[in-house]
Each structure stands twice: as structure tokens, then as C-alpha cells.
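The values are calculated or read from the model by the stated rules, or taken from the named source; none is laboratory data. Since this is a predicted model, take the numbers as computed values, not measurements. Ideal geometry is used to build each Cβ from the backbone, glycine not excepted, and the neighbour counts take in all protein chains shown. Accessible surface areas use protein heavy atoms only, side chains included; no ligands, DNA or RNA. Shrake-Rupley method; radii C 1.70, N 1.55, O 1.52, S 1.80 Å.
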Amino acid sequence: MTADALPRLAPKARLKYDRFSGHYLLLFPETGWLLNDTGMELLQLCDGRHSLAMILDVLARRYPHVQPDALNADVRSFLAALAERSLLRSHG
Amino acid sequence: MDNPPRPYTLVAELTYACPLQCPYCANAVDAPVRDGEIDTAAWIRVLREAEALGVVQVNLTGGEPLLRGDLNAIVSQAARLGLYTNLITSGIPLTRERLADLQQHGLDNVQLSLQSLEPDRAADIAGGRFLERKRHAIAWVKELGLPLTLNFVLHRHNIDETPRFISFAESVAADRLELANAQYLGWALHNRDALLPGEEQIRLARTAAHAAGARLKGKMEIVFVMPDYYAEFPKTCMNGWGRSFLVITPDGTVLPCHLARTIAALRFETVRDSPLHEIWFHSDGFNRFRGEAWMSDPCRGCERRHLDFGGCRCQAFHVTGDAAAADPACSRSPHHSLIQQAGARAATASPVEFAYRRYGSRR
């Protein structure tokens, strides 16, 4: 994914707050993922308006103590996992 | 896993009536059709109780769920509760208007089944000419912008079409493609000798599915499900008995899996008798094969028991006669030869006629 890509969730996926776990679930056909707080923050930014560069920028400001390289690697690996399950669309 | 467990998925079998007669139908061979179906109010209540238990996914299935006249109300209630709703349908009978209506009521995903892309073969498997109508239904799903899963149940007579199924799914821009070998229970067990593919057929189909999965990664999710008759270890059936799935049958019986009711000597309660919470946590039927206490050898000491939970209880019952035996699909089961013999017959099979899924007439 390039820095200009505008990732957004695929139409088949939907977020739901789960009062049993206190976390958000990403639901899609047949299954779902329990998200941790940072996963949820990342997904909220995957709205088709934020580019990957902007997403990294927002998260870097929120988590100033995290090394930029580590943050970049984490974000990309989570996005790759989503793409692997066809849960992401990206334009640009 | 939480302890005690929480159900994530409700499989809502709304009716056993169906316009199709597929000989591998997952319904029980003696399923009662349209007798004592629970009403709209009961489903509305059941969905609420299911959500309160932890359910987040609802598969609306059957039979053919479109034959329920109250599907809008059921979808609406599920959507109100924030549940992810997946309509598992043959696409018959459907109109564009009805689908748009279901979408308005909050439907999340449509899973449509196809039998074959050869019109004659499709008609032979489904017991009627439905392929053209299914193509229309697929077009409507996409036009309306609903996510589309295509499901092909694979067996000896259509598995060689797998590459064509893949290009078809690509051409209609399906979001997910399920290439699922029949699981040999219910009607499929009844018709096993007419349906089980040979091992080489499966190898070719699997190779095609894996190559397409890699090529289409990110665009279309492709799921290939093996028949466990050729596997070394059993499937993790329903993710374990009473661990994450609830099945509710048209008459309101609550089951840990679609066919649990076919296991003799097990008793299951209905949503008319007790609240769902009671049934899930405290009923004998749900607790019978939870955990490991019920296991005997070879499961008891097996390091895989945490992975597959002993496999499928229904398969154990229907093939070995003992629901507490190891799943005979397991190479460590003392009954594994029964499964291997069926596989060997498939490899040398001469044509066997289907017994179509028909209810209400004598078979």
C-alpha cells in the first residue's frame, strides 16, 4: 500500500461495540475479530478520506513514545491482515 | 475462550421448506416441514435473548428463509440489536423489490448457493431449473450494493467445474467465494455413495482454489472446505460442542449443531420451554459434550483434543453408533476404516442415483 492510498473498510465488514468484552468487534460473514484499542483507532481512520500517510501521522501524534518505524510496521501489518481477508478497499 | 462459554453465532433455521431438493442438504433426513414453526413474536424474543447471551452474528437459513413471510421483521429486529445478519439463500423465490426491502431493514450480507453453471446439471442437482433465476438474484445483490458470498457445495458431479466457479465469482465481483465440499451428514450421508468425490478430483479442485485465492487476495476471499473423509484429523465441528454456536430450528428447538437432534438419546429443549440463557448454560443437551469429561480413548489423552474437541459428534453417532466415540474421520479412531472404505468406493464409483431431499412424501 502506498502512502497516498485511502484505505476504507470493505462493505461486508462492520464495527460493533461489544459490552461483554468492552472492546469493539469487527464483524464480517461467518466470523469477527476482537479489536484492541489501537486496532479500533486505526480502523476508525480507515474511512476512505485519510491517506495512509495521514493515518500514520495521526497515530504518531497520539503515541509520541512509539518509534515511528515500529508504528509504521504495526500499522502496515494490521492493514495487510485486513487486506488478506478482503476487508479493506483502498483507492489512490 | 471465556469460561463459561459465550455463543457468538446464532444459526436461525427459519423454515425447513425449500423449493430446491438438493441431495446433500444439511437438514436432517426426517426434518419436519412447516409443522409447528415458531411465529414472528417468538423469533423477535429469541433474537433479543441471543444478543443478551453474547451472540453477534445471525445466519438466517433453513430450508429457504425467503419462504418466511415475516423475514423483514426478523431482519429488522436483528439489525436493531446490532447483530450482523447473513441471509443464506438459494435466491428462490426472490424479486429485486424484496431484496431492496430486506436491505432497507438492515440486512448485512447475502450468501447465495449455486449447484452448477451447466444448466442441465444444475437442474439435475437442485431438482428443478433455477439457474437463470439465481443469476438474476446475483445481479440484484450487486446492483443494490449488498455484499455477496457465493456458495458452491462441491461433490463428485460438480467439483470438476471449480475453475469455472472461480471465474464466474470473479465476473460477478463476489466478495467471498465458498467452495465447500459437502459434509457427509444429513441428506449428504444418505446420498454419500452418489456424491463423495474421488481424492484426485479433490486435489485438482483444491489446487485451483488455492491458486485463485493467492491471485485474488484482497479482492475476493476464497474458502475451500475439504470433505473430512480424506483428512488425517477431524474438523473442529461447530468450534466445539456448545462453545460458540447456537442453532434454533423452525420449531424452536435449541441445538449445539444443525443435526444434534439426530443423535438418539439426547434431549433438547425449545424456546417455548425455557429462556435461551437456561438452555445454553444448564440444559443436559448442551452440557453433554462440553469440556473433556465425556471423552474416551483415543481422544482422552490426545494432544489434539484442544484443537478439534474430538471432532463431530453427529458423525461419530451416525458412522460408529456411539456419539461419544472419537470422530471416525480421525486417523486415530478405531473406526477410521469405515470412512476409508467410503473413500475407496468413491474412487471406483459407478453412477448411483440421488435420493432427492423431499419431505411430505414417502421415500
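Please list B:SER90, B:SER337 from largest to smallest accessible area, probe radius 1.4 Å, with all protein chains kept in place.
Reading off the accessible areas and sorting them downward yields B:SER337, B:SER90.
Among B:VAL352, B:CYS18, B:CYS330, which residue has its Cα positioned farthest towards the positive end of the charge dipole of chain B, with +1 placed on the Cβ of Lys and Arg, -1 on the Cβ of Asp and Glu, and the dipole taken about the Cα centre?
B:VAL352
Which whole-Hz couplings ³J(HN,Hα) result when phi for each residue of the range B:207-216 is put into the Karplus expression 6.51 cos²θ - 1.76 cosθ + 1.60, θ = phi - 60°, listed in order with x for Gly and Pro?
Taking θ as phi minus 60°, the curve returns 4, 4, 5, 5, 5, 5, x, 5, 5, 9 Hz for the range B:207-216.
Given a 1.4 Å probe, how much area per residue of chain B is accessible, in Å²? Walk me through the numbers on the way to the answer.
Numbers: 14500 Å² over 363 residues.
Per-residue value: 40 Å².
Pop out the ³J(HN,Hα) list for the range B:108-120 in order, Karplus 6.51 cos²θ - 1.76 cosθ + 1.60 with θ = phi - 60°, rounded to Hz; leave Gly and Pro as x.
Working through the residues one at a time gives 9, 8, 10, 10, 10, 9, 10, 9, 5, 9, 8, x, 5 Hz.
Any aspartates and glutamates with Cα under 20 Å of the B:LYS235 Cα? List them, leaving off those in the same chain fewer than 8 positions away.
Candidates past the 8-residue exclusion: A:GLU30, B:GLU178, B:GLU199, B:GLU292, B:ASP297, B:GLU303, B:ASP308, B:ASP322, B:ASP327.
What FRET efficiency would be calculated for the residue pair B:GLN104, B:GLU143, taking the C-beta separation as r and a Förster radius of 22 Å, to the nearest 0.05?
So the FRET efficiency works out to roughly 0.90.
Please check which bits of the range B:301-324 a label hung off B:GLU292 would reach, taking the label as a point 7 Å along Cα-to-C-beta and the cut-off as backbone N under 19 Å.
Residues B:301-313, B:324 fall inside that zone.
Restricting to DSSP H runs of at least four residues, report the calculated mean residue ellipticity at 222 nm for chain A, -39500 (n - 2.57) per run over all residues, nearest 500 deg cm²/dmol.
Calculated mean residue ellipticity at 222 nm is -12500 deg cm²/dmol.
At a probe radius of 1.4 Å, figure out the B/A buried accessible area, summed over both chains, and give it in Å² to the nearest 100.
1900 Å²
Report the Cα centroid-to-centroid distance between the range B:129-159 and the range A:1-47 in angstrom, as an integer.
One Cα centre to the other: 28 Å.
So if I place +1 on the C-beta of Lys and Arg and -1 on the C-beta of Asp and Glu, and nothing else carries charge, what would the dipole magnitude of chain B be about its Cα centre? I want it in debye, nearest 20.
Its charge dipole is roughly 280 debye.
Using the 4.7 Å Cβ rule, please list in number order the cysteines from chain B without any candidate partner.
B:CYS18, B:CYS22, B:CYS25, B:CYS257, B:CYS299, B:CYS302, B:CYS314, B:CYS330
Show me, for the range B:31-37, the HN-Hα J-couplings you get by feeding each phi into the Karplus relation (A = 6.51, B = -1.76, C = 1.60, θ = phi - 60°), rounded to Hz, glycine and proline as x.
My calculation for the range B:31-37 gives 5, x, 9, 6, 7, x, 4 Hz in order.
Sequence-distant or interchain residues sharing an amide H contact under 5 Å with B:ASN151, placed H: which?
It is B:LEU112, B:SER113, B:LEU114, B:GLU178, by chain and number.
Run through the range B:224-306 and list the GluC sites (Glu not before Pro) located in a DSSP loop whose Cβ has at most 11 other Cβ atoms within 10 Å. Intermediate values should be presented prior to the final figure.
Details: sites: B:GLU232, B:GLU269, B:GLU278, B:GLU292, B:GLU303; in loops: B:GLU232, B:GLU269, B:GLU292, B:GLU303.
Answer in residue order: B:GLU232, B:GLU303.
Before rounding to the nearest 500, sum -39500 (n - 2.57) across all DSSP H runs of length at least 4 in chain B and divide by the residue total; then give [θ] at 222 nm in deg cm²/dmol.
-9500 deg cm²/dmol
How would the protein assembly as shown be classified by its alpha-carbon gyration tensor: rounded, prolate or oblate, with rounded meaning a/c under 1.5 and the a/b versus b/c comparison settling the rest?
Verdict is rounded for the protein assembly as shown.
In debye, nearest 20, what is the charge dipole magnitude of the protein assembly as shown about its Cα centre with +1 on Lys and Arg Cβ and -1 on Asp and Glu Cβ, if you could check?
For the protein assembly as shown, the charge dipole is close to 340 debye.
Set the Förster radius R0 to 41 Å, insert the Cβ-Cβ distance between B:ALA214 and A:ASP74 as r into 1/(1 + (r/R0)^6), and round the FRET efficiency to 0.05.
Result of the calculation: an efficiency of 0.95.
Using a 1.4 angstrom probe on heavy atoms only, work out the carbon and sulfur share of the accessible area of the protein assembly as shown in %.
51 percent
Which lysines have a Cα lying under 27 Å from the Cα of A:LYS16, excluding residues fewer than 8 positions away in the same chain?
Qualifying lysines at Cα under 27 Å: B:LYS142, B:LYS217, B:LYS219.
Compute the length gained on full extension between B:MET226 and B:ASP160: take 0.36 nm times their separation in residues and subtract their Cα-Cα distance, giving the result in nm to one decimal.
Here the answer is 22.3 nm.
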